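Worksheet: the structure to be examined is printed underneath.
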Amino acid sequence: MPRVSTTVIIGFSLGLLLGAPPVPAFAGPAAEQLASQIDRVLAVLGDPEFKGDAQIGPRRQAVRRVTDELIDWDEMGRRTLGAHWQTLGDGERRAFVTLFSELLNRAYLKSLDRYEGEKIVVTGDAVDGDRAVVQAKVVKNDGQGMPLDFAMVRDGERWRVWDIRMMGTSMVGGYKAQFTRLLQTESYDSVLRRLRERVDALQP
């Protein structure tokens, strides 16, 4: 299954290896919770226990524990499959979400190993009921910045990410386009098999 170029550009910020400065005073709970989770990942990266090539596996697993709390994989999976989601039973939905989240984690958590001190600066959020968009920007070491938006949904007292958008391009939208094309010519079981093969081909 081909990659979505925009997710490469975004660098799968769901890995959230980028340090976040303090949230502005005008930001709400969604921005505060996102920044807090980023701080947790930064703590993992700064922990001597996880330093070095020998700790790559444990380091990625520690980060994944944070991102699995932060990301609403069910919402992301539902949005990715679009109308086809409604045709699936609960078991089929769980199978897709499990494989899709594993694909994203395996493909992009390795970006942790290339961390060079970039930052995500959280600048604010726009909340509409149980939905929010947290505005941020990626700042490289040379000071150059690029806007980055996190689409979030309220889950009880928590806010969880379901999409990342950069320069008007949606990560979920890119994957949705891929799956839509595949499902126009192949059965769902065939597409799921492709997804499983892609996951198996990636190192955990």
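Working carefully through the options Leu18, Leu70, find the one that is buried (at least 19 other Cβ atoms within 10 Å of the Cβ) and modelled with pLDDT under 50.
Numbers: Leu70 fails: modelled with pLDDT under 50.
Going through Leu18, Leu70 in turn, just one is buried (at least 19 other Cβ atoms within 10 Å of the Cβ) and modelled with pLDDT under 50: Leu18.
Tally the residues that are within 26 Å of Asp74 (Cα to Cα), charged (D, E, K, R) and assigned to a loop (DSSP other than H, G, I, E, B), restricting the search to the stretch 123-155.
So the answer is 1.
Please specify each residue of the stretch 156-204 satisfying the condition of being charged (D, E, K, R), open to solvent by less than 60 Å² (accessible area, probe 1.4 Å) and closer than 15 Å to Arg78 by Cα.
Residues satisfying the conditions are Arg160, Asp163.
Between Thr123, Thr87, Thr98, which is in contact with a Pro (Cβ under 8 Å, 6 or more places away or on another chain), β-branched (Val, Ile, Thr) and open to solvent by 50 Å² or more (accessible area, probe 1.4 Å)?
Criteria check complete, one pass: Thr123.
Tell me, which residue of the stretch 43-77 that is under 30 Å from Ala177 (Cβ atoms) and basic (Lys, Arg) is farthest from the chain's Cα centre (by Cα)?
Initial filter on the stretch 43-77 (under 30 Å from Ala177 (Cβ atoms)): 60, 63-64, 66-77.
Next, from what is left, pick out any that are basic (Lys, Arg): 60, 64.
Numbers: Arg60: 14, Arg64: 10 Å.
Of everything passing the filter in the stretch 43-77, Arg60 is farthest from the chain's Cα centre (by Cα).
Output yes when any residue across the stretch 83-100 is modelled with pLDDT under 85, of a type in the set (Val, Ile, Thr) and under 20 Å from Asp163 (Cα atoms), and no when none is.
No, the conditions are met nowhere in the stretch 83-100.
Inspect all residues belonging to the stretch 47-65 and state whether any of them is among the aromatic types (Phe, Trp, Tyr), open to solvent by less than 50 Å² (accessible area, probe 1.4 Å) and modelled with pLDDT under 85.
Looking for residues that are among the aromatic types (Phe, Trp, Tyr), open to solvent by less than 50 Å² (accessible area, probe 1.4 Å) and modelled with pLDDT under 85, one finds at least one in the stretch 47-65, hence yes.
The values are calculated or read from the model by the stated rules, or taken from the named source; none is laboratory data. What you see is a predicted model, and the numbers here were worked out from it, not measured in a lab. Here Cβ is always computed from backbone atoms with ideal geometry, including for glycine, and neighbour counts include all displayed protein chains. Remember, those area values only see protein heavy atoms, side chains included, never the ligands or the DNA or RNA. Shrake-Rupley method; radii C 1.70, N 1.55, O 1.52, S 1.80 Å.
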